Amino acid sequence: MNILLLGSGGREHALAWKIAASPLLTKLWCAPGNAGIAREAECVALDAADHPAVIEFCKNNAVDLVVVGPETPLVAGIVDDLAAAGIKAFGPRKAAAQLEGSKGFTKDLCSEFNIPTGAYRRFDNAAGALAYVRTQGAPIVVKADGLAAGKGVVVANTLAEAEAAIAMIFDGKFGAAGTEVVIEECLVGREISFFALCDGETAIQLATAQDHKRVFDHDEGPNTGGMGAYSPTPFVTPDIHDQIMSRIILPTVAGMKQRGTPFKGVLYAGVMLTEQGPKLFEYNVRFGDPECQVHMLRMMSDIVPAFLAACDGELKHFDLRWFPDPALTVVMAAKGYPGDYNKGTQIEGLDEAGKIEGVEIFHAGTAAKDGGIVANGGRVLNVCAMGKTVTEARERAYQAVDRIKWADGFCRRDIAWQAVEAEKG
Ligand code: AMP
Ligand code: GLY
């Protein structure tokens, strides 16, 4: 098979690595890719926002399957446009991608199909939103409705913070994403992520994984796209798993089908384990980044038949197998991230780091320059490792980090601390 992968982050490097291992693969391209993905795929300078150009590339190169990594092209309807041109693509269509593209859409779905979530109201003007938060008080959560690159959510601990968030969203900073806000009850409990592969009707859970969103150790500092992840996590017990499947994931898949907009692809639920049970606080419609990196390391099954089964509505008879060993990834980011940072700084020692047993390094924001590797983004490298325990995987990953010579980079030193504590017993 000929496959085109869209995206350029660590998630896409992990996907490229896994797809490249499939015996079904003839040729893999990645658009636009990065310096690490270039080891697995031929990188092509295609813009995923230019749907006619992507379609033309697929036709010229007899592409059998397109795998879409990030949410932006999904929400823009690339899967619909490819389907109209007769090209198979893994990921939800535009109408189903609204689960990530509009927070209000997801909340309305929850209310229609009785899916547990926090109380909420939607507003298209600041005055209404301000009046509502004043009646509700703090803490309260203010969200820009649309895609805002992970920056559109403010968990406001005071009324003043909530008011400032509403003003910020409506002042145009988020463009079209900020023409509406969702004001939501602040949920209290442990936050977990839950991933399921869906074919419009059936959902198969992926291995459990946990991300670390704050930029600094001890979960301090601003939120980021994710600074590290590990799998499996000790917090999704079989009972919690069953509750999330039966009360959240399956009603969502059934509801989307009933509405005539079936969901195909990876459904990534942000769930709070509250005293009243698991409650959904958001959906993403794609693999997590960096959770995908640990998923790909632990996935024993060939991923290509899984993509095809999801596209073709054949997951009912499908099974995904996982290696029992834990996997962990440490994100190395450019100093200053998630704020301003420099690009173009030199990175050395990657080959030496990659020699450590169990270690795999996925590139996120990198570029090739003069025979070397330079930083080309905020999150730059994913230093991953497998081990017999989370503790061993973590030791290997940090040994590898310590062999990487990159003066402008930093990482968290406490990835998977909860699981490591649990392993100490
Ligand atoms: P997001 O940028 O959409 O990933 O959301 C950022 C973070 O906001 C999430 O990871 C949660 O920690 C937090 N969050 C979102 N919704 C709620 C809620 N209703 N209650 C408490 N925390 C929330
Ligand atoms: N790791 C968070 C995300 O992929 O949205």
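A short reminder: the numbers here are calculations on the coordinates, not readings from a lab. What you see is a predicted model, and the numbers here were worked out from it, not measured in a lab. Cβ: placed from backbone, ideal geometry, glycine included. Neighbour counts: every protein chain shown.
Contact map, the stretch 386-401: first residue over 11 Å from GLU357 (Cβ atoms), second residue part of a helix (DSSP H, G or I), Cβ cut-off under 7 Å, separation 6 or more or different chains; pairs are THR389/GLU423; VAL390/ALA419; VAL390/VAL420; VAL390/GLU423; THR391/VAL420; THR391/GLU423; ARG394/VAL420.
Looking for something surrounded by fewer than 19 Cβ atoms within 10 Å (Cβ to Cβ), in a loop (DSSP other than H, G, I, E, B), within 13 Å of ligand 1 (Cβ to nearest atom) and aliphatic (A, V, I, L, M) - is there at least one such residue anywhere in the stretch 153-164? No, because not a single residue in the stretch 153-164 is surrounded by fewer than 19 Cβ atoms within 10 Å (Cβ to Cβ), in a loop (DSSP other than H, G, I, E, B), within 13 Å of ligand 1 (Cβ to nearest atom) and aliphatic (A, V, I, L, M). Among (1) at positive phi; (2) crowded, with 22+ Cβ neighbours inside 10 Å, there is one condition GLY221 misses while meeting the rest; what is its number? Condition (2) is where GLY221 drops out. Scanning the stretch 251-266 for residues that are within 16 Å of ligand 2 (Cβ to nearest atom), touching a Leu at 6+ places or on another chain (Cβ under 9 Å) and touching a residue at least 24 places away in the same chain (Cβ under 8 Å) turns up at least one hit. One residue is enough: does the stretch 186-193 have a residue meeting the conditions crowded, with 17+ Cβ neighbours inside 10 Å, in contact (Cβ under 8 Å) with a residue 40 or more places away in the chain, away from ligand 2 (no atom under 16 Å from the Cβ) and part of a strand (DSSP E or B)? Taking every residue of the stretch 186-193 in turn, none turns out to be crowded, with 17+ Cβ neighbours inside 10 Å, in contact (Cβ under 8 Å) with a residue 40 or more places away in the chain, away from ligand 2 (no atom under 16 Å from the Cβ) and part of a strand (DSSP E or B). Restricting attention to the stretch 149-174, and to residues there that are more than 16 Å from ligand 2 (Cβ to nearest atom) and under 22 Å from the mean Cα position of the chain (by Cα), which single residue is farthest from MET272 (Cα to Cα)? Ranking the candidates gives PHE174 first.
Residue count for the stretch 312-327 under the criterion of being surrounded by fewer than 16 Cβ atoms within 10 Å (Cβ to Cβ) and in a loop (DSSP other than H, G, I, E, B): the result is 6.
Of everything listed in (1) outside any loop (DSSP other than H, G, I, E, B); (2) surrounded by 20 or more Cβ atoms within 10 Å (Cβ to Cβ), the single unmet condition for VAL420 is (2). Any residue that is closer than 22 Å to PRO290 by Cα and polar (S, T, N, Q) - is there at least one of those in the stretch 184-202? The answer is yes, given that some residue of the stretch 184-202 is closer than 22 Å to PRO290 by Cα and polar (S, T, N, Q). Looking at the stretch 130-148, is at least one residue surrounded by fewer than 20 Cβ atoms within 10 Å (Cβ to Cβ), within 20 Å of the chain's Cα centre (by Cα) and not in a strand (DSSP E or B)? The answer is yes, given that some residue of the stretch 130-148 is surrounded by fewer than 20 Cβ atoms within 10 Å (Cβ to Cβ), within 20 Å of the chain's Cα centre (by Cα) and not in a strand (DSSP E or B).
Of everything in the stretch 165-184 that is more than 12 Å from ligand 1 (Cβ to nearest atom) and acidic (Asp, Glu), the residue that is surrounded by the most Cβ atoms within 10 Å (Cβ to Cβ) is GLU180. If the condition is being out of contact with any Gly (no Cβ under 9 Å at 6 or more places or on another chain) and surrounded by fewer than 23 Cβ atoms within 10 Å (Cβ to Cβ), then the stretch 260-275 contributes GLY260, THR261, ALA269, GLY270.
Comparison of VAL331, VAL271, VAL294 shows that the only residue that is over 23 Å from VAL68 (Cβ atoms) and under 17 Å from the mean Cα position of the chain (by Cα) is VAL271. Assess whether TYR283 counts as being within 11 Å of ligand 1 (Cβ to nearest atom) and of a type in the set (Phe, Trp, Tyr). Criteria met by TYR283. For beta carbons closer than 6 Å, sequence separation of 6+ or different chains, a first residue in the stretch 119-143 that is in contact (Cβ under 8 Å) with a residue 24 or more places away in the chain and a second that is in a loop (DSSP other than H, G, I, E, B) and hydroxyl-bearing (Ser, Thr, Tyr), the qualifying pairs are ALA138/THR158. Looking only at residues in the stretch 116-152 that are more than 22 Å from ILE248 (Cα to Cα) and of a type in the set (Ser, Thr, Tyr), which one is farthest from ligand 1 (Cβ to nearest atom)? Once the filter is applied, the top-ranked residue is THR135.
Just to be sure, is ASP199 in contact with a Leu (Cβ under 8 Å, 6 or more places away or on another chain) and acidic (Asp, Glu)? Criteria met by ASP199.
Would you confirm whether any residue within the stretch 328-351 is surrounded by fewer than 21 Cβ atoms within 10 Å (Cβ to Cβ) and part of a helix (DSSP H, G or I)? Taking every residue of the stretch 328-351 in turn, at least one turns out to be surrounded by fewer than 21 Cβ atoms within 10 Å (Cβ to Cβ) and part of a helix (DSSP H, G or I). From the list MET296, MET332, MET300, the one residue that fits, being away from ligand 1 (no atom under 16 Å from the Cβ), without any contact (Cβ under 8 Å) to a residue 60 or more places away in the chain and either touching a strand residue (DSSP E or B) at 6+ places or on another chain (Cβ under 8 Å) or not small (Gly, Ala, Ser) (or both), is MET300. Screening LYS213 against (1) farther than 19 Å from LEU99 by Cα; (2) in contact with a helix residue (DSSP H, G or I) (Cβ under 6 Å, 6 or more places away or on another chain) leaves a single unmet condition, (2).
Select, from PHE287, PHE362, PHE307, PHE318, the only residue that is within 16 Å of ligand 2 (Cβ to nearest atom), farther than 30 Å from TYR120 by Cβ and aromatic (Phe, Trp, Tyr).
Selected residue: PHE362, the only one of PHE287, PHE362, PHE307, PHE318 that is within 16 Å of ligand 2 (Cβ to nearest atom), farther than 30 Å from TYR120 by Cβ and aromatic (Phe, Trp, Tyr).
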